[in-house]
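Read-outs: derived from the displayed coordinates by stated rules, not from any lab. Remember, predicted model here, so these are calculated numbers, not experimental data. Ideal geometry is used to build each Cβ from the backbone, glycine not excepted, and the neighbour counts take in all protein chains shown.
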Amino acid sequence: MTEKICTENAPKAIGPYSQAVKAGNMVFTSGQIPLDPVTGEMVGNDITEQTEQVMKNLSAVLAAAGTSFDNAIKTTCFIADMGDFAAFNAVYSKYITSAPARSCVAAKTLPKGALVEVEVIALL
């Protein structure tokens, strides 16, 4: 059995998907980009500002599901420019300190021209 997760504290889905889905004792978030949950507009002009917003959005989705970054077991990170890898990691590591498994890849283009997108799998 699955349960769709939806919170007003994170941006609404911009396509035919849920912010996250609970399945058993796990939560699978959709990728979050740096959108303001209230306005739906892009936040930040650089990787640091955008990653901060992405992590805030993910935190809100995880909280709505009843979990947090402390329970993350896998993240998948997409950045537009691998030259931003160190700056991305500086922000990411403030939020995710449990060292889950992770993939980080460069993506030619991300939705709405974002510089970063992150998704999380976490335990409840």
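Residue separation of Ala90 and Lys74 scaled by 0.36 nm, minus their Cα-Cα distance, works out to 4.0 nm of gained length.
R0 = 22 Å: FRET efficiency of Ala107 with Met26, Cβ-based, nearest 0.05? Here the calculated transfer efficiency is 0.35.
The ranking of Met42, Met55 by Cβ neighbour count inside 10 Å, starting from the fewest, reads Met42, Met55. Ordering Ser98, Ser18 by the number of other Cβ atoms within 10 Å of each residue's own Cβ, fewest first, gives Ser98, Ser18. Listed as lacking a disulfide-compatible partner in the chain: Cys6, by the criterion of no other cysteine Cβ under 4.7 Å. This ranking places Glu41, Glu119 by how few other beta-carbon atoms lie within 10 Å of each, fewest first, which gives Glu41, Glu119. For Val38 and Leu123, the FRET efficiency from 1/(1 + (r/R0)^6), where r spans their Cβ atoms and R0 equals 22 Å, is about 0.15. Where only DSSP H runs of four or more residues are counted, the chain gives -8000 deg cm²/dmol as its mean residue ellipticity at 222 nm, each run worth -39500 (n - 2.57).
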